[in-house]
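The values are calculated or read from the model by the stated rules, or taken from the named source; none is laboratory data. Please read these numbers as outputs of a predicted model, since none were measured by experiment. As a convention, Cβ positions derive from the backbone with ideal geometry for all residues, glycine included, and neighbour counts pool all protein chains shown. Ligands, DNA and RNA are stripped out before the accessible areas are found, and what is left, the full protein with its side chains, is counted by its heavy atoms. Shrake-Rupley method; radii C 1.70, N 1.55, O 1.52, S 1.80 Å.
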Amino acid sequence: MSASAGDGEPGTLQDNAKEESSGSACAGESSRHDSVCTGAGEIKSRAVVKYSAAPPPASYALLQEKTDLKLPPANWLRENPQLGSAGTTVLGSSSKSKPFSSFGMAYEFIDCIGDDVDVVSDSENIKKLLKIPYSKSHVSMAVHRVGRTLLLDELDIQELFMRSSQTGDWTWLKEFYQRLIDQKWQRKKKSKEHWYQKAILSKFLYYSINGDGAAEPVPHNPNEGEEEEENESEEYSSSWPTAFTSPPSDTEESDAPKQGSVSVDSQFALGQGTSVPKEQNLPMLFDEGENSQGLRNDFVRNIMWTFEDIHMLVGSNMPIFGGGRYPAVSLRLRDNNKPINILTGIDYWLDNLMCNVPELVMCFHVNGIVQKYEMIKTEEIPHLENSNFSTRVVKDIAQNILSFLKSNCTKEGHTYWLFKASGSDIVKLYDLTTLCEEAEEEKCQNPFTLPVAVLLYRVASNMMLKARQNRKHYGTIRTLLLNCVKLLDEERHPQIIASAHYMLSELFQLDEPPEEDEGESLRGGGSEDSFSDEDREEEEELTEDSDEIGSYSSCSSPQDDSKAVAVIRSVGELSVPEKYKSTHQIRPSGAFPVSQDKEERCRHVLSYALKGLKAVDGTVKKESDLPAADPNTPIPLKYEDRSAIGACAAEKGISLLLERARPSQADQKHPTRSGIIPGSWQHRMKLQLFLKASKAYYVLSDAATNLVKYGRALRYIKLSLQCYDAYCSVSGALHPHVLQFHSQCLSLCGDIQLMLAQNAHNRAAYLEEYSYQTKEDQEILHSLHRESSCQAFNMATDLAMDPEYQLFVSSKCYEAAYDLVISDALKDQLAQVLKRLGNIRNELGVYYMNQAAAMQTEKEVKKSVSVVEQEMWKKSFAFFEKGMKDFEAIGDSTNTALLLCNTGRLMRICAQAHCAVSADQSRGEFSPEEALYYNKAIDYYSRAIKSLASRENHPAVWDSVNWELSTTYFTLATLLQDYAPLSRKAQEQIEREVTEAMMKSLKYCDLQTESARQPLYQYRAATIHHRLASMYHSCFRNQVGDEHLRKQHRSLAELHYSKAVCLFLSLKDAPCELLRTLLERVAFAEFTMAGQSSNGAKLKSLTGAVEIMTQSRCAFQLIHKELLEEQMELSEADTAEPAKLPDVVRGSTSGLDLQEVMKLIGVFEPSFSFLLLQLIKLMTTMKRKPSNKDEELLKTYKNVYSKLLRAEKNAPLLSRIELHIELLQQLSPQTGSDVTHS
C-alpha cells in the first residue's frame, strides 16, 4: 500500500498539519487516495489532517530488552506535546467521555457541517460502532443531526446519573432508563489489573519519548543505541515549531488543548473566524462566560477521514512517532502471554487508517519487562493470527450503521440515543427530545439543547456567507434557524433567539427584484435531510410502510421497544452488505417559502423582526417600569385638517423633522429610554431590528404607491419613519448607508404627499386605508415606544385634508432629504433628490398659479389687481425660480424648459389680470402692463426653446413650448389689432407691431411636422393670413395720397388672402372662416374695380371676383354636408325620444354656428347678385363684337342671375345652400364632375 498521505515522498503529517492549520476548508483538498489492500479487493481510505496540536512525529526511543516498565521514568506524567493528552488520559485523570466532544470539532470546522461531512465524532466512538457485531460490551451514544451531518458523542449513562443528582438535568432519563431499559445493569468497577495495564502503558509511552523531554535511562538497563537515536531525534525536535505560523494566537492554538491557553470565546464566539461577514452586522452570540460547557476541540489532531463513500471528521489523541522505514508509526504495548484478539486488531487497524499511519510497532512485555519489538504494516493487521477479520465486512458495518442512523435520526435539533446493552444483540434508537417532552415533571431540561441550538445557529450563520453568492442555501438556513429557535427557551437564551430571528428576516431580500429562476432555486434549496412539522406524520407513515426499514420497528418485546424510534434486532444484520439503505431524500417541506409578492415577503420580515424585538425586550426593564401602553390597543395614526393649524405648529413639526434628518456625530453614552446600555448585545440587536423593520415598511409603502393605494402607502411610510426615529433614539452616530436609506424614506414620503395632493377627490378611501392597523403593526409600535416617542416625523406623515399643506409637507420632506444628501456627500442620490425638489417646486408654482387664475375668473366685475392675487403670483414665481435652479444644477434641460414654459404661462395670467376696463365695463385699450407681461412671457418661452436646443432632444416638450410661444405672439398681435392703443401710439406703429407679432407667431407655426397639433397650426396660420389681409385691406381703403404705399398694401392684401384661402381649403373643417375670407376678398376686388375707369379693367376685375366667388362652392358643400348629418341625427332623436326634440333643434350637434352661416349667406347673396348684374351690364354694352365663348358666358351669367332672382327668400336653409352650390357649379363647368349632391 502507498504509505504516505500527502506528497510524492514518504509522507509527513507535519506538512498536512501545516496546510490545514492555515485554514484549509473541507475534506479532500490536496490529498491523495490511500488504499488498504485486502484479499478480496481494496478498501478505499483517505485521511487529511485538518488540524494538529502535536509536533511533527519524532523518532521513538527503542527500549532495551529487560527494561522494567513498572518503574516510572523521570519524565512521567509531565506535559509533553509528543503525547498530547494521551499520556494522562490513559490513567483516567482527565474526563474520557465528554458528551459534547463532537460539538467542539463542529464549531471549529463549521464549513464542513451540514453538507460535506456525514459523521463528526471521536475516533473511539467510530471504533466502538464498527466493533458492535464483534463485541459484547454495551454501546451508549448521543446522535444529533445537522443537515446531512450526524454528530456522535459518547453518552456515559452512569456518569451522567451521578451528575444528575447534583444538577437535576438528567433525572427524567434516569427514570426512563431504569423503567424501560435495564433495571439491574450496573457499571462494573474497573479491576486492579485494568489500572495496572493502564499505568505500564503510560510509563512505556513516556520511556519511548525521544528528544528534550526524553526519559532518562534506568541505571541497571544501559542502552548504547539510545544516544544515537536521541541525536537523530534532535533534528525533529528542534525543527518542529516551524510547522506552525508565527502569530501568538496560532502558537497558543497549537499547544495541547489540555493547557487551556485558547479561550473558548476567542475560538467559538460568533463574530470571530466563523462569523457572518461584517456588513451583515450580526451581533456576537455569546457574552463572556456564557459558552462555558466545555465545548472545545480537545483532540490532538482532527482528521477528515473518507472511508469508502463515508466522509467523517474524526478527533484523535493517538501518539504518532517517527522511525523505521516510514516516518510515521504507532506504538503498541502487548502482554506476550496474551494473543491479539479480533477487537484489538480492528482497533489498531482503524486507528492507523484514521491517522494515515502506515506501520504499527508492537512492543511485547512479560510482567512489565520489555521482551522484543515487532513491525507490522497497517494492511497486514487484518491478517494477524487470532485477529483475522474481513475489511469488507467492516466497510459493510460502517455503511449499514450510517444508513440506519440517517434514516431514523430525521429531526434536526432532536437528541437521539443509540443504545446496546452489555451482552445483548439488540441495538435500539430512542428520541430523547420527544421523551423529555413527554415527561411529566416541569423541569425537563435536555443538556444537549443549548449546544445543538448553538451549532444550528453557527452552521446557519456560516451558510449566510455562501448564501450571498448562492441563494439556493436559503431554504437550509431557514430550516436550521427555525429548529434552533424551537429548541430554546426565550427567557434563558434571548440573545440566540433574537439573533436567529434577525437572520431569518435577513433571508428575505427586500431591496432587489426576484430573479427569474428564484422560485426554482429556492424550492430546491431545502435542507435535504430536514423535515418540517407538517410532514412528520407523513414521514412516520413512510417509515412504517417501507420494506427496507421494516426490520427496525418490529420488536420482540413491546414493553421494551415501544419507546424506541427504531431497532436493529440482531447485530449480525450489520455485516450483511446493504442490509440497511438510507431513505433520506430531499423534502420540499424544508424549502424556503417562495413568494413573488413583495407584501408577503415584507410581512415575513416584520414577523421575525417583531419576535426578535420581543426577545430583546424581555431582557430589559419590565413593562411596569415604562410608560403604560397596551399592545392590543391601536396607537392612533391621526389625521388633521391643517387649515385649522397655526403656522407655529407646522414650524415646530418642520424643526423636528429637520433635526432628525441631520446626521448625528456623537456616540451614545447613556442608557436608552428602556435602560439598554450602549454597546450591549441588546443595543446592537435593537439597532439591526429597528432598521430591518423600517426597510420592510419602506418596501411596503413603495409597493402601495405603485398600486395607487396612497392612504396605505402613507401609513406604511409613517411606520417606517417611526422605526427610524426609534433607531435614532438608540443609535449614536449614523452610518452613511443608514442616512442614504433615510433620504430614500423622506423622498418616498414626499412622493406620497404629492400624490395625495393631486388625487384629492379620493380622500375618503385614502383616510380609510390610512386608519387601518394590523395587530403586528401595533406590537411593533409598542416595542418602538419603549425607546422613543416616535413624534419626530408626525408632520411629514399625517394625513392632511388640505392639498396646499400636503404640497408644502412634500417639499419639506424633499428639502430634509436634500440636507441629508448634501451633508453626507451621497452624490449618487443627489440627482434624484434635486429632481424631486424641482418637481415639487413646479407643482407648488402651478398650484398658486391656478389659484390666481381661478380668482381672476371668479371676479364678477373687472377691477384692479388684488393684493391676494399679487401674493399668489409672487409665491408661484418664487417656486418656479427655485425649481429651475434645481433642474439646472443637475443639467436637466427638459424640465428646466417646462418650468420656463410654466413661468411664461404665469406671465400671461398676469397680463390678463392687467387688461384695462372702461367705464361701461367693456374692454379698454391694450395696456402697457399687458404688453410688459406678454413680452416677459415671450422671453421665458424663448429661453425654454434655447434650453431644449433642438426638437430631437425632447419632441413633445419642444412642440408644447413652440405652440405656447406662437400662441403668445398671436394673442399679443390680436389684442393690439382688436384693442389698438391709439391714445398712446400712431396707427402706423401699431400696424408695424401687429405685423411683426403676427409674422413671429407664423414663424413658430410648424406646418410641416405631422402631429396632433398640425391642424391647429394650419388653422392659426390661416387666421393670421386672414387677419393680415384684412388689415392691409383696411389700410388700402383708408390710405390717401401715397400711391406707392397703396400698391404695397394691395399686393400684401392679395398675397395674404390667397394664402388664407389655401390653408382654409386644406383644413376641411372651417367652412365659415373660408366663406368669410372669400367674401372679404370679393369685396376687396369690388373696391379695386370701383377705382378703375376703363371697361376692360373693370371686366377683368369682375371676372376675377366671380372666380373667387366660385371657390365658395367648397365652403357651401362642407356646410351642406354638416347640415345633412345634423338633420339625420335629429330624425333619429325624433323617433327615439320625441320629448327631447326642441332642445336638440336649438343647438347644432356638429359644432356649426348656424347664426354665423345665416349671416354670411345674407352677405353672399347680394354680393353674388351685384357681381352677376355688373358683368351682364358690362358684357352687353361692350363695343367690340363678342366671340362665341363670350356669348356662352353671357348666357350662363344671365341664367344664373335669373335663378338667383327667382329664388324664394324664405326657403329653408338647406334648399338655399343647394341652390348656391348648383349656381356656382354652373359657373365652373370645368369642375362639374366634383359636384356632390346628396
(request) Multiply the residue gap between D309 and N759 by 0.36 nm, knock off their C-alpha separation, and tell me the result in nm, one decimal place. (result) 155.2 nm
(request) With label points built 7 Å along Cα→Cβ from the Cα atoms of Q791 and Q1048, find their separation and express it in nm. (result) 7.8 nm
(request) Could you order peptides 476-486, 565-575, 342-352 by the average number of other Cβ atoms within 10 Å of their residues, highest first? (result) 476-486, 342-352, 565-575
(request) Please work out the Cα center distance from segment 400-432 to segment 974-995, rounded to the nearest Å. (result) 109 Å
(request) For segment 751-794 and segment 124-153, compute the distance between their C-alpha centroids and round to whole Å. (result) 59 Å
(message) Quick check: the distance between the Cα centres of segment 832-855 and segment 947-973, to the nearest angstrom?
(response) 20 Å
(request) Would you mind checking segment 384-415 for residues with the amide N under 15 Å from a putative spin-label position 7 Å along Cα→C-beta of K44? (result) 395-396, 399
(message) Using the basic label-point model (7 angstrom from Cα toward the beta carbon), what is the M1128 to S983 distance in nanometres?
(response) 5.5 nm
(message) Just to verify a number: FRET efficiency for E871 and T894, C-beta to C-beta distance, R0 = 22 Å, to 0.05?
(response) 0.15
(message) As an exercise, find the ratio Rg/Rh for segment 744-833 from alpha-carbon atoms, using the Kirkwood inverse-distance average for Rh.
(response) 1.03
(request) Just list whichever of K936/K1000; K44/K428; K406/K581 have alpha carbons separated by over 18 Å in the model shown. (result) K44/K428
(request) Give the Debye-formula value of log10 I(q)/I(0) at each listed q (0.13, 0.17 Å⁻¹), with one equal scatterer per alpha carbon of segment 874-1027, two decimals each. (result) -0.65, -1.01
(message) Greater than 21 Å separation of Cα atoms is the criterion. Which listed pairs, K128/K372; K70/K131; K338/K372, meet it?
(response) K128/K372; K70/K131
(request) Work out, in µm²/s and without decimals, the Stokes-Einstein translational diffusion coefficient of segment 950-1056 at 10 °C, 1.306 mPa s, Rh from Kirkwood over C-alpha pairs. (result) 106 µm²/s
(request) Give the relative contact order (percent, whole number) for segment 326-401; include only Cα pairs under 8 Å separated by 6+ residues. (result) 33 percent
(message) On a full-extension model of 0.36 nm per residue, what is the gain between V708 and S1202, subtracting their alpha-carbon distance, rounded to one decimal in nm?
(response) 170.7 nm
(request) Using a 1.4 Å probe and counting only protein heavy atoms, arrange Y416, Y1201 so the residue with the most accessible area comes first. (result) Y1201, Y416
(message) For segment 1038-1087, compute the orientation-averaged projected area of the C-alpha convex hull (one quarter of its surface), in nm².
(response) 3.5 nm²
(request) Arrange the peptides 501-509, 934-942 so that the one whose residues have, on average, the most other Cβ atoms within 10 Å appears first. (result) 501-509, 934-942
(request) Give the dimensionless ratio obtained when the Cα radius of gyration of segment 1067-1137 is divided by 2.2 N^0.38 Å. (result) 1.65
(request) Using 0.36 nm per residue of separation minus the Cα-Cα distance, give me the extension gain between Q1014 and S137 in nm, one decimal. (result) 305.5 nm
